[in-house]
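Here is the structure we will look at, set down as structure tokens.
The values are calculated or read from the model by the stated rules, or taken from the named source; none is laboratory data. Please read all numbers here as calculations on a predicted model, not as lab measurements. Ideal geometry is used to build each Cβ from the backbone, glycine not excepted, and the neighbour counts take in all protein chains shown.
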Amino acid sequence: MDIQAQTNPKALIGIVITLVFSGFLAFAYGFGIYLFPILGPDMKNDLGFSYVQMGYIAAGIQVGFILSSIMSGVFAPKVGELRFICASMVFCGLCLIALSGVQSPFQAAIILMLIGFVPAATWVPMVAVIRRFIAYSRRGTVFGFLSGSGGYGAIVNGQIVPILQVEFGWRSIWLGTGCAVLIFAFAGILILKYMDVVDVPSNNKAEKSVKPVEIIFLDSKTLKLAAKL
């Protein structure tokens, strides 16, 4: 009974983390950068940019993704991986809402490049969080499930968005998607907090407590004593 009482909460935490993170990635990919190719033609007609400019915008999204992949590994540990992930999702929702009000190709390009930051900003820190909360034997399954999350979002938006696009237009879709991302982001934050899935203090303090100089530069008496032991 004691073993079950200790194991079940850990298993539940693993399931919660997997589901919440899958939702984050599905929104970041499927309803973020993967949504532009669907809405791009209508945006092109309304905003008046060419196919060449559309290609530049798509390239800008990938530039944002690449830069975020590098920056996330540097800044996420300093901020806290979970804080970084959740802040990225809130940022994604705000950018999607802002995209519904753009009036020029330049504005659309800037915001879409910022949206390109989000998928890597969520995925990269997740590795550290999963390592901390998920047992080694389950990590492969969790990572496999998460790696397909963008596909889940793409499948959903591929089926729903074309129908809504005719009825409501691209601006309403960006607005609705942004609101949905914000709602899910705040719900995910509350769920993770309730399950006590939070950032832990950095190990830097523990590492700083060890003084390599005192270990390397030992005096001769100490070395002789260590040799005898």
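Just checking, which of Ile115, Ile111 is more than 15 Å from Gly30 (Cα to Cα) and in a helix (DSSP H, G or I)? Let's see the steps before the verdict.
Details: Ile115 fails: more than 15 Å from Gly30 (Cα to Cα).
Among Ile115, Ile111, only Ile111 is more than 15 Å from Gly30 (Cα to Cα) and in a helix (DSSP H, G or I).
Going residue by residue through the stretch 67-77, is there one that turns out to be of a type in the set (A, V, I, L, M, F, W, C) and closer than 23 Å to Gly158 by Cα? Full working, then the answer.
Taking the stretch 67-77 first, the residues of a type in the set (A, V, I, L, M, F, W, C) are 67, 70-71, 74-76.
Now restrict to residues that are closer than 23 Å to Gly158 by Cα: none.
No, every residue in the stretch 67-77 fails to be of a type in the set (A, V, I, L, M, F, W, C) and closer than 23 Å to Gly158 by Cα.
How many residues, within the stretch 79-108, are part of a helix (DSSP H, G or I) and within 16 Å of the chain's Cα centre (by Cα)? If you could, list the steps in order and put the result at the bottom.
From the stretch 79-108, those part of a helix (DSSP H, G or I) are 79, 81-99, 105-108; that's our starting set.
This time we only want the ones that are within 16 Å of the chain's Cα centre (by Cα), so: 79, 81-96.
The total comes to 17.
Is it the case that the stretch 159-173 has a residue that's out of contact with any Lys or Arg (no Cβ under 6 Å at 6 or more places or on another chain), outside any helix (DSSP H, G or I) and modelled with pLDDT of 85 or more? Can you show your working first?
In the first step, residues of the stretch 159-173 are kept if they are out of contact with any Lys or Arg (no Cβ under 6 Å at 6 or more places or on another chain); the result is 159-173.
When the remaining residues are screened for being outside any helix (DSSP H, G or I), the result is 169.
From what's left, modelled with pLDDT of 85 or more: 169.
Yes; the residues of the stretch 159-173 include at least one that is out of contact with any Lys or Arg (no Cβ under 6 Å at 6 or more places or on another chain), outside any helix (DSSP H, G or I) and modelled with pLDDT of 85 or more.
Output the number of the condition that Gly64 fails; it satisfies all remaining conditions of (1) among the small types (Gly, Ala, Ser); (2) over 25 Å from Ala180 (Cβ atoms); (3) within 18 Å of the chain's Cα centre (by Cα).
Here Gly64 clears every test but (2).
Spot the failing condition for Val127; the list is (1) surrounded by fewer than 19 Cβ atoms within 10 Å (Cβ to Cβ); (2) farther than 30 Å from Leu12 by Cβ, and only one is missed.
Answer for Val127: the failing condition is (2).
For residues that are in contact (Cβ under 8 Å) with a residue 24 or more places away in the chain and assigned to a helix (DSSP H, G or I), tally how many sit in the stretch 132-150. It would help to see each step written out before you state the result.
Going through the stretch 132-150, the residues in contact (Cβ under 8 Å) with a residue 24 or more places away in the chain turn out to be 132-135, 138, 142, 145-146, 149-150.
When the remaining residues are screened for being assigned to a helix (DSSP H, G or I), the result is 132-133, 138, 142, 145-146, 149-150.
Residues that pass the stated criteria total 8.
On the given criteria, is Ile115 in contact (Cβ under 8 Å) with a residue 12 or more places away in the chain, in contact with a Gly (Cβ under 9 Å, 6 or more places away or on another chain), within 17 Å of Ser172 (Cα to Cα) and β-branched (Val, Ile, Thr)? Give the steps one after another, and end with the answer.
On the way: in contact (Cβ under 8 Å) with a residue 12 or more places away in the chain: yes; in contact with a Gly (Cβ under 9 Å, 6 or more places away or on another chain): yes; within 17 Å of Ser172 (Cα to Cα): no; β-branched (Val, Ile, Thr): yes.
So Ile115 fails the test.
Got a number for residues in the stretch 154-177 being in contact (Cβ under 8 Å) with a residue 60 or more places away in the chain and among the hydrophobic types (A, V, I, L, M, F, W, C)? Break it down into steps so the answer makes sense when it comes.
Step one: list which residues in the stretch 154-177 are in contact (Cβ under 8 Å) with a residue 60 or more places away in the chain, which gives 154-158, 161-162, 165, 169-175, 177.
The next check asks that each one be among the hydrophobic types (A, V, I, L, M, F, W, C); those that pass are 154-156, 161, 170, 173-175.
Here the count works out to 8.
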